Amino acid sequence: VFSDDDSAEIERIKSGIAELDRVLGGGIVEGSVILLAGEPGIGKSTLLMQLCAHLGVSVMYVSGEESRGQLKMRADRLGAGGSDTLVLCETDMESVLSEYDRVSPKIMIVDSVQTMYSSSATGAPGSVGQVRECTSELIARAKQDNCAVIIVGHVNKEGGIAGPKVLEHMVDAVLYFEGDRSHTYRIVRAVKNRFGSTNEIGVFDMMEDGLREVPNPSEMLLSGRPLHAPGTCVACVMEGSRPVMAEIQALVARTSFNVPRRTTDGFDFNRANLLFAVLEKRGGLNIGMCDGYINVIGGLQLNEPAADLALVLAVASSYRDKPMDSDVTAIGEVGLTGEVRSVLALQQRLAEAARIGFKTCLIPRHGTGNVQIPDGLEVVRVRNIREAIEFALPV
Ligand code: TYD
Ligand code: MG
């Protein structure tokens, strides 16, 4: 039985950071509990301090990791020193909650949950029991007062024992902050969101003075791409509502093992193996006994069939040791008979390819009669992977 109240619109507080709002589904939902997880040093505290400076509502920032001096230094570096956020350096939950009651903010940030301690649980800070207890105390308060709580959780490379995994079912939204330590870009991804989709990603660049939003990630993901090198092809995937182009690299070599070795990073392993088999049987490439290493540059996860054709071409290019033209890209799903199949949102993907400056795009022949071709882009319609390889890697 629902009442009229139940259908009331959920109220969202705009974070003021468009890439973050995008991932959250339009803003921070009042009274919701958000877990922001990521490896130490990835930029969680930086993002949240920038958030404090952008928010137009009362915020209480609880830090259990840094002193006021350290926080001030970061805030100055970010140009966020002037924000009227209330900063509390505290690890004791009782003190945190009594200060919270005194201030009654609209948003509370707890950085990090692993440093917090509640006398209602046993164990040291960071233990499963403590992390759970502190989180549930925070959730109880959030729901009672309609205050949004953002909880920071560190994870290590292995996923972390008392880390965010044990909290995921307790909170409303789980955001993972990821990135490659050797690069400056960072991706925020929702793995759970009770108030929005989990398709969207937010992209940032870590600069000297904080995180800069990247509204058009393709350029960044393609920067530094090797031109005229064998074994690479650019794919276009939909990250939520936004087309994003990313480079797939393949290295194929005759195996010296009994069973060929295959690894993938950023591409589904089984899907890649299937495409190797299709290339062998339908593409005329003798790669059954070849090792294959696949890597998607930029930490993107290309879980979309539309990237199949680009993977196939990257593999074929490596196998033949012949580069593709660097202004050619490919969009299409590959079926078991080697046929190239149509994909969703082709129009948007083509527009992105044209915007980035690609001159030619291979697309499926079937089902693409009505698409409008953007100015400056030539499309080549292919029926199957043989035709695609013949065009992209002529002998
Ligand atoms: P931080 O936000 O402290 O990470 P986390 O809270 O996830 O542990 O970010 C730390 C790293 O980010 C550190 O290596 C320095 C770098 N950084 C910048 O490059 N630019 C900046 O403006 C700031 C504040 C940090
Ligand atoms: Mg931190």
Taking Val87 as the residue in question, decide whether it is out of contact with any Gly (no Cβ under 8 Å at 6 or more places or on another chain), within 16 Å of ligand 1 (Cβ to nearest atom) and touching a residue at least 12 places away in the same chain (Cβ under 8 Å).
yes
Considering the stretch 78-110 alone, what residues qualify as being over 20 Å from Leu51 (Cα atoms) and part of a strand (DSSP E or B)?
Asp92
Out of the residues in the stretch 31-62 that are of a type in the set (Ser, Thr, Tyr) and within 10 Å of ligand 1 (Cβ to nearest atom), state the one that is nearest to Ile17 (Cα to Cα).
Thr46
In the stretch 292-330, residue most open to solvent (accessible area, probe 1.4 Å) [restricted to those that are assigned to a loop (DSSP other than H, G, I, E, B) and more than 17 Å from Leu393 (Cβ to Cβ)]
Asn303
Hey, any hits in the stretch 55-72 for a residue that's open to solvent by less than 10 Å² (accessible area, probe 1.4 Å), away from ligand 2 (no atom under 16 Å from the Cβ) and within 26 Å of Tyr185 (Cα to Cα)?
no
Confirm whether Val103 is over 19 Å from Gly179 (Cβ atoms) and either crowded, with 19+ Cβ neighbours inside 10 Å or away from ligand 2 (no atom under 16 Å from the Cβ) (or both).
yes
Return the total of residues in the stretch 265-291 being more than 16 Å from Leu309 (Cβ to Cβ) and either of a type in the set (D, E, K, R) or part of a strand (DSSP E or B) (or both).
5
Can you tell me which residues in the stretch 111-145 are within 18 Å of Leu48 (Cα to Cα) and either open to solvent by 30 Å² or more (accessible area, probe 1.4 Å) or within 16 Å of ligand 1 (Cβ to nearest atom) (or both)?
Asp111, Ser112, Val113, Gln114, Thr115, Met116
Would you point out which residue out of Val29, Val96, Val103 is within 26 Å of the chain's Cα centre (by Cα) and either within 27 Å of Val214 (Cβ to Cβ) or aliphatic (A, V, I, L, M) (or both)?
Val29
Selection status of Asp145, among the acidic types (Asp, Glu), under 21 Å from the mean Cα position of the chain (by Cα) and on the phi < 0 side of the Ramachandran plot:
no
With respect to Glu333, determine if the residue is open to solvent by 30 Å² or more (accessible area, probe 1.4 Å), of a type in the set (Asp, Glu) and more than 25 Å from Pro217 (Cα to Cα).
no
Looking at the stretch 106-134, which of its residues are closer than 14 Å to Val149 by Cα, under 26 Å from the mean Cα position of the chain (by Cα) and not β-branched (Val, Ile, Thr)?
Met108, Asp111, Ser112
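The values are calculated or read from the model by the stated rules, or taken from the named source; none is laboratory data. As the structure is a prediction and not an experimental result, all values here were calculated from the model. Every residue, glycine among them, receives a Cβ derived from its backbone with ideal geometry; neighbour counts consider all protein chains shown. To get the accessible areas, we keep the full protein, side chains included, count just its heavy atoms, and leave off ligands, DNA and RNA. Shrake-Rupley method; radii C 1.70, N 1.55, O 1.52, S 1.80 Å.
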